[in-house]
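Asks: Please find one structure pasted underneath; my questions will follow.
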Amino acid sequence: MAAPALEEALQRRDFAAAQAVFASTPGLAKEASDQWHAWLLFHAGRAEEALEAYGAAAEAAAAAISAGGGKSYDLHRAACLFQLRRYRQAQELAQQGPDCPLKTRLLLHCAAKLDEAASAAPTSGAAPTSSCSGDWEAQLGAGGVEDQLSVAAALYARADFAGAAALYEGLLARFPDLHALRAYLALCAYMQDDYEGSAAHIEAYQAVQPDSLLAANLRACCDFRAGDAATALHTLGGLPPELVAPPAAEAGVGQLAAEQGCGPQAAGAALIRHNAVVFGDGQGGLQVLPPLVGVVEEARLNLVLLYCKRGDPARALGLLRGMEPGTALEFICQAVACALHGQAAGSGEHIQRARESFLAVGSSPTELDTVPGRQCMASALLLGSQPQEALPYLESVAEVCEGDDALSWNLGLARGAAGQWEAAAQALQAVQRRDWLEDSLYQSWLVRCLVRCGQPEAAWQVYLQAQAHAGAAPAVAALLGLLGSELFQAGAFLWAARAFHALEHVQRQQALLHGGALAASAPAAAAAAAAAWEGKRAASMAAF
Amino acid sequence: MDPQQLQELFAFADSYRPPEYQLPVRLQPFLPDYVPAIGAPNAFIAPPRPDGEPDFLGLTVLDEPALRQSDPAAVALQLRHQLRLQGGGGSSSSGGAGGEGGLPPLGWVADPARQPQGLDDWIQQVEGLHQEAASAATLAPAPPDLERLMQAWSPEVQAQLQGSALPDPRQDVDVHTFARMVLAVLDLAPPANAGAAGGSAGSAAAGLAEALHSLFALYLEFRNNPAFQQLGVFGPAAATLADAAAEHDSAAVQPSLV
């Protein structure tokens, strides 16, 4: 067999082979070889290195004084910068390039990205198209197929997925050979939550081009969105193992390779590793995601969510530092991290920031009637200690979010604050998360709701479980105090007497445990003991 | 217990005011689901192909590397192999060394202990390459079997040989021609089309070399054969002479084979 010729390698998109062909071909002019090198790197998804290579090619051109194409290197380097999400620099560089459709396309997309960053706060609704990029669109819309496709991509970038899909449909009808358009249509359908349609488009593309990582990935995402994470993971598992496997032993060579984005499939591999974590509900994310931040766009937010779920909001905030939220999801992530950190550290400033972010999403016209939008409104009101106002929002999403522990918790507290004891107790009892069940605030609310809807025995059980788990902890004593007084108020004097009796017992145990170490707090302890005794005495008598 | 005392006791119950507990409301934020990454449609901002040809990337196919990429080191090996073949046809002396200086180093597996898979792949690729090279060589007819060559000729041929002289090494011919003459007498001459199979001039010499190899192998086989040693056919003088001839021949032919 002959070594694959260059053209053949390019046809197969085997950029690694093409690269080797160039490396082994002596006597190629420096500029030309740099140019090819850069082009191959660019398409292999290694924009950083491509940028350097184009720089080298430009220098070689300058040295050779072949003045002709020197300027278009600015455009090529701008394309690399764009790929690296350095839009501002890309825009500046592109403006220096010679006028051509490529330049217009670059400027259009830079503007779209910068627009988005500048004015995409959800409160302002759809980002206004600057007059400039409108001109470019008109200019390109009349141009060749590539120009029109570029316009469609710009529409997609501005979240006008229906508009983009219409453009793709029209072009595909005229040029049925452009199979990639089917994949773009699949992206549009996916973004419009039409996962079945998206899967159908992807299948059509895969029928022609089975050898596609992006298509396989999108297919898996559709499965995931359709609620079938297992199939999604399985689809990823069908790809070459070196792409899916996490970096070897999370250290050494593999880690380094992941960080530097080495290998011809760097971009694809990053995407696959990222999504394997997503489909696995965050499993292994603490190792896989950090090196992908800045490589895969979604990695940062997913890592923020992961830190929040693992109860490390401080790190989540660190990750968000310096980022201006643009999309609703970014606002929500920021609000969640701030809320968690603010409540844990008692920082009013963070809570205030969280409220503002939640309100920004919840009151934006696009999110007003969505589930996340209502969740945000409810969150903002709960953070502002207005649980009664939050209640209608929570009730409106209660059915959709059934089974979500956060909903059960928030709904329980809001109903409790509104005095709907039985409904509150029901919601609270639906909570599944172990660490939340052991939370003293949760237990307190549950005890109160149960007692007030006439289930003293169930309330007593809550105490027994807390006792079994935590022993004679101060939190248990506090719970008993609450339990006793709630029971007394509810007229369940016998239960109240039991509670106060148990409280006395716990207090004595605590005193024994701590010995004289807490001598300073002795008066307080004595007062508490007296209160317990008084309660016990009163409850006992009342029981008669 | 008199009613008076009872009243006092009940007064405890009436006068007791349990403390009011203020339960704070703490938010458990709704955590959005993790977001999978799906990529975005091609923006058509990629630089054009350096040779100005259309690349159709993003049009007929998505602009992504193929799933299975070649190992650059393996491709380099293949190219090196090809260059060597081409070089062999040109001038016999510079054939192998021609492109050597510009070629990239062979690939290596950075940490074989950690990546047994990588090492296995690499070994397989190199083996595959050698297999290809080897199978190209076996296109030439297999060398004749030594056992068959050692069979005695028919009595008529033997009688004929006894009567005729062997080719005289002092004849005024070059080494190649002389070798062919000797081989022809022993019926070992390379087939005429051996050169055409390889497609390059070098393989004609290769065919001759193979035939000579058979000749010398046959000679060694006879010399080391105990029966012939006892017969004393290969006297010390004769052996030295033959060895010298062998060295002379192989030394002259060998360089053109590289």
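Asks: Scan region A:171-180 for residues that are more than 8 Å from chain B (Cβ to nearest Cβ) and surrounded by 17 or more Cβ atoms within 10 Å (Cβ to Cβ) and jot them down.
Replies: Matches in region A:171-180: A:Leu171, A:Leu172.
Asks: Go through region A:162-181 and report how many residues are farther than 14 Å from B:Ala43 by Cα and among the aromatic types (Phe, Trp, Tyr).
Replies: Going through region A:162-181 one residue at a time, the tally reaches 1.
Asks: Same structure again: Within region A:334-385, which residues are closer than 22 Å to A:Arg315 by Cα, facing another protein chain (nearest Cβ under 8 Å) and of a type in the set (S, T, N, Q)?
Replies: Once the filter is applied, which keeps residues that are closer than 22 Å to A:Arg315 by Cα, facing another protein chain (nearest Cβ under 8 Å) and of a type in the set (S, T, N, Q), region A:334-385 yields A:Gln343, A:Ser379.
Asks: Provide a single number: the residues in region A:281-324 that are within 26 Å of B:Ala40 (Cα to Cα), open to solvent by 20 Å² or more (accessible area, probe 1.4 Å) and assigned to a loop (DSSP other than H, G, I, E, B).
Replies: Of the residues in region A:281-324, 11 are within 26 Å of B:Ala40 (Cα to Cα), open to solvent by 20 Å² or more (accessible area, probe 1.4 Å) and assigned to a loop (DSSP other than H, G, I, E, B).
Asks: With the requirement that a residue be out of contact with any Ser or Thr (no Cβ under 9 Å at 6 or more places or on another chain) and open to solvent by 50 Å² or more (accessible area, probe 1.4 Å), what does region A:85-102 give you?
Replies: Once the filter is applied, which keeps residues that are out of contact with any Ser or Thr (no Cβ under 9 Å at 6 or more places or on another chain) and open to solvent by 50 Å² or more (accessible area, probe 1.4 Å), region A:85-102 yields A:Arg85, A:Arg86, A:Arg88, A:Gln89, A:Glu92, A:Gln95, A:Gln96, A:Asp99.
Asks: Does any residue of region A:504-526 turn out to be at pLDDT below 70 and surrounded by 13 or more Cβ atoms within 10 Å (Cβ to Cβ)?
Replies: yes
Asks: Moving on. Among residues belonging to region A:7-53 that are open to solvent by less than 50 Å² (accessible area, probe 1.4 Å) and at positive phi, point out the one that is nearest to the other protein chains (Cβ to nearest Cβ).
Replies: A:Arg13
Asks: Still on this structure: Is there a residue in region A:202-215 that is buried (at least 18 other Cβ atoms within 10 Å of the Cβ), over 14 Å from B:Val61 (Cα atoms) and within 11 Å of another protein chain (Cβ to nearest Cβ)?
Replies: Scanning region A:202-215 turns up no residue that is buried (at least 18 other Cβ atoms within 10 Å of the Cβ), over 14 Å from B:Val61 (Cα atoms) and within 11 Å of another protein chain (Cβ to nearest Cβ).
Asks: Sort through A:Gly318, A:Gly322, A:Gly326 and tell me the only one that's more than 16 Å from B:Pro29 (Cα to Cα) and touching an Asp or Glu at 6+ places or on another chain (Cβ under 7 Å).
Replies: One residue alone meets the criteria, A:Gly326.
Asks: Let me ask you something else. Could you list, ordered by first residue, the pairs with Cβ atoms under 7 Å in which the first is in region B:50-61 and within 7 Å of chain A (Cβ to nearest Cβ) and part of a loop (DSSP other than H, G, I, E, B) and the second is open to solvent by 40 Å² or more (accessible area, probe 1.4 Å) and not polar (S, T, N, Q), at least 6 apart or interchain?
Replies: Cβ pairs passing all conditions: B:Thr60/A:Asp177.
Asks: For B:Leu77, which of the numbered conditions (1) among the hydrophobic types (A, V, I, L, M, F, W, C); (2) open to solvent by 10 Å² or more (accessible area, probe 1.4 Å); (3) more than 30 Å from A:Gly373 (Cβ to Cβ); (4) part of a loop (DSSP other than H, G, I, E, B) fails to hold?
Replies: Exception for B:Leu77: condition (4).
Asks: Test of understanding: among A:Ser357, A:Ser347, which residue is open to solvent by less than 50 Å² (accessible area, probe 1.4 Å) and under 15 Å from B:Pro32 (Cβ atoms)?
Replies: The conditions single out A:Ser357.
Asks: Scan region A:81-109 for residues that are out of contact with any Asp or Glu (no Cβ under 7 Å at 6 or more places or on another chain) and either in contact (Cβ under 8 Å) with a residue 40 or more places away in the chain or in a loop (DSSP other than H, G, I, E, B) (or both) and jot them down.
Replies: A:Gln83, A:Arg85, A:Arg86, A:Pro98, A:Asp99, A:Cys100, A:Thr104, A:His109
Asks: Turning to a different aspect of this structure: Please count how many residues of region A:378-416 are within 19 Å of the chain's Cα centre (by Cα) and either part of a helix (DSSP H, G or I) or at positive phi (or both).
Replies: Qualifying residue count, region A:378-416: 4.
Asks: Could you list, ordered by first residue, the pairs with Cβ atoms under 6 Å in which the first is in region A:360-372 and farther than 16 Å from A:Glu395 by Cβ and the second is small (Gly, Ala, Ser), at least 6 apart or interchain?
Replies: Going by the 6 Å Cβ cut-off, the qualifying pairs are A:Val361/A:Ala328; A:Pro365/A:Gly125; A:Glu367/A:Ala328; A:Glu367/A:Gly373.
Asks: Out of all the residues in region A:389-404, is one or more open to solvent by 30 Å² or more (accessible area, probe 1.4 Å) and hydrophobic (A, V, I, L, M, F, W, C)?
Replies: Yes, some residue in region A:389-404 is open to solvent by 30 Å² or more (accessible area, probe 1.4 Å) and hydrophobic (A, V, I, L, M, F, W, C).
Asks: So, one more: Name the residue, out of B:Glu20, B:Glu64, B:Glu53, that is in contact with a Ser or Thr (Cβ under 7 Å, 6 or more places away or on another chain) and of a type in the set (D, E, K, R).
Replies: Result of the check over B:Glu20, B:Glu64, B:Glu53: B:Glu64.
Asks: Testing A:Cys188 on (1) farther than 21 Å from B:Pro32 by Cα; (2) out of contact with any Phe, Trp or Tyr (no Cβ under 6 Å at 6 or more places or on another chain); (3) open to solvent by less than 10 Å² (accessible area, probe 1.4 Å), one condition comes back false. Which one is that?
Replies: The failed condition is (2).
The values are calculated or read from the model by the stated rules, or taken from the named source; none is laboratory data. As the structure is a prediction and not an experimental result, all values here were calculated from the model. FYI the Cβ positions are ideal-geometry reconstructions off the backbone, even for glycines, and counts take in every protein chain you see. Calculation scope for accessible area: heavy atoms of the full protein, side chains included, ligands and nucleic acids excluded. Shrake-Rupley method; radii C 1.70, N 1.55, O 1.52, S 1.80 Å.
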